[in-house]
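Structure record follows, encoded as structure tokens.
The values are calculated or read from the model by the stated rules, or taken from the named source; none is laboratory data. The structure displayed is predicted, hence computed values, not measured ones. Methodologically, a virtual Cβ is constructed for each residue, glycine included, from the backbone with ideal geometry; neighbour enumeration extends over all protein chains shown. These area figures cover heavy atoms from the full protein model, side chains too; ligands, DNA and RNA do not enter into them. Shrake-Rupley method; radii C 1.70, N 1.55, O 1.52, S 1.80 Å.
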Amino acid sequence: MIIWLASYPKSGNTWVRTIVNQIIFNDIKSKNEVFDNLSRIKRYPSKTDIVGLPQIPNTNNLTKEQKKEVIDFTVKNWEISQEHINKNNKTNLLKTHNMLCNINLDGKDYSFANVKNTEGVIHIVRDPRNIVTSAKNHFSLSTEEESVEMLCDKYNWTGFSNNEVPQLLSSWGNHYNSWKKFPKNYLLIKYEDLILDFKKEILKITKYLSNYFEYNISDTIIEKIEKNTSFENFKELEKKGKFDENSINKITGEKRTFFNLGPNNNWKKILKKESNIKIEELFVNEMKELGYL
């Protein structure tokens, strides 16, 4: 059965994934090895999951018809591919940025995830105002306004520019609301809470995962994981070439910096007033629910 590490992009999924990778495999690495074997918790969907995916041209100029062909094939193979993953009769942790959606194609409904194949979800959420700058860098967007539009776009699919299997992000609000409704073994982790009280949030995660895995946990181990997964260490390892999940700048072809600002990304100091107003007006209910307003 699958346990999802689900989040909107640039919300701390890689951080939590690295933490969980060390915990469940009893594999507390040194600071220089923290990204080793991170692929044990892989991204979904990937090309190894969606077998027979129509070829995605390595270009940013896909036609609507090409995009629809790839999207439709992916959607129709969500459940099939997850059933295949679960054939190993293990608890499988998968990272995803896809929203929890249901799409009707040719008169048939296709769900991204269901209780038949899913054991639970660890849902990682971050203040959308602090996602703007990170998303702008990660997705090679030209302006802050483009990044805000991305967070507000209900029909936003991502993955095409990096020649990957597409994922439906939708808007930040839709994404949050979709996963919070998962009816089975749901755990919410807020990026901001990890910064404020790392130990408290780790204990929530370890308690949750103890239902599925056997591992050792102690204050010493938690302190070690906190040091290993600090933003400063992540950034240093990326500079040394030890992180290989960077996005590619669609203009220059160069790798984008993945660990950009981290905890220093303070919307109060960075975000334009107009951007702030637009986000707060659109997502007022969700942000109040999460304590961001």
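Report note on the peptides 32-45, 76-89: ranked by the mean count of other C-beta atoms within 10 Å, highest first, their order is 32-45, 76-89. Straight-distance candidates among the aspartates and glutamates for linking to Lys278, with alpha-carbon spacing under 13 Å and chain neighbours fewer than 8 residues away dropped: Glu144, Glu145, Glu146, Glu149, Asp153. Using Cβ point charges alone (K and R +1, D and E -1), the dipole size of segment 101-181 about the Cα centre works out to roughly 340 debye.
Report summary: the helix-based calculation at 222 nm, which adds -39500 (n - 2.57) for every DSSP H run with n ≥ 4 and divides by the residues of the chain, gives -11500 deg cm²/dmol.
Think of the chain as having a plus end and a minus end, set by charges on the Cβ of Lys, Arg, Asp and Glu; of Leu196, Ser218, Thr96, Ser218 sits farthest toward the positive end of this dipole. Accessible surface calculations at 1.4 Å, restricted to protein heavy atoms, place the chain at 49 Å² per residue.
Write down Rg/Rh for the chain, rounded to two decimals, with Rg from the C-alpha atoms and Rh from the Kirkwood relation over Cα pairs.
Numbers: Rg = 18.6 Å, Rh = 19.9 Å.
With Rh from the inverse mean 1/r over Cα pairs, Rg/Rh is 0.94.
Dipole size in debye (nearest 20) for the chain around its Cα centre, Lys and Arg Cβ +1, Asp and Glu Cβ -1? Write down the numbers at each step before the final one.
Numbers: 44 positive and 38 negative charges, 53 e Å.
Using Cβ point charges on Lys, Arg, Asp and Glu, the chain gives about 260 debye.
What per residue convex hull volume, in Å³, comes out for segment 173-222 when only alpha-carbon positions are used? Cα-based convex hull of segment 173-222, divided per residue, equals 81 Å³. Cross-link partners for Lys240 among the aspartates and glutamates, with Cα-Cα distance under 18 Å and sequence neighbours closer than 8 places in the same chain left out: Glu33, Asp36, Glu232, Glu254. Farthest toward the positive end of the dipole of segment 1-72, out of Pro9, Ser39, Thr63, is the Cα of Pro9, where the dipole comes from beta carbon charges about the Cα centre. Computed on the chain, with alpha-carbon pairs under 8 angstrom and 6+ residues apart, the relative contact order is 25 percent. Put the Cα centre of segment 82-139 next to the Cα centre of segment 1-31 and the gap is 15 Å.
Do any of Lys10/Lys269; Lys136/Lys204; Lys87/Lys204; Lys235/Lys272; Lys200/Lys269 go past 22 Å between their Cα atoms, and which? Mind dumping the intermediate values first?
Values: Lys10/Lys269 18 Å; Lys136/Lys204 31 Å; Lys87/Lys204 29 Å; Lys235/Lys272 26 Å; Lys200/Lys269 28 Å.
Flagged as over cut-off: Lys136/Lys204; Lys87/Lys204; Lys235/Lys272; Lys200/Lys269.
Past the 18 angstrom mark, what percentage of all C-alpha to C-alpha distances in segment 1-121 do you count? Considering segment 1-121, 59 percent of its Cα-Cα pairs are separated by more than 18 Å.
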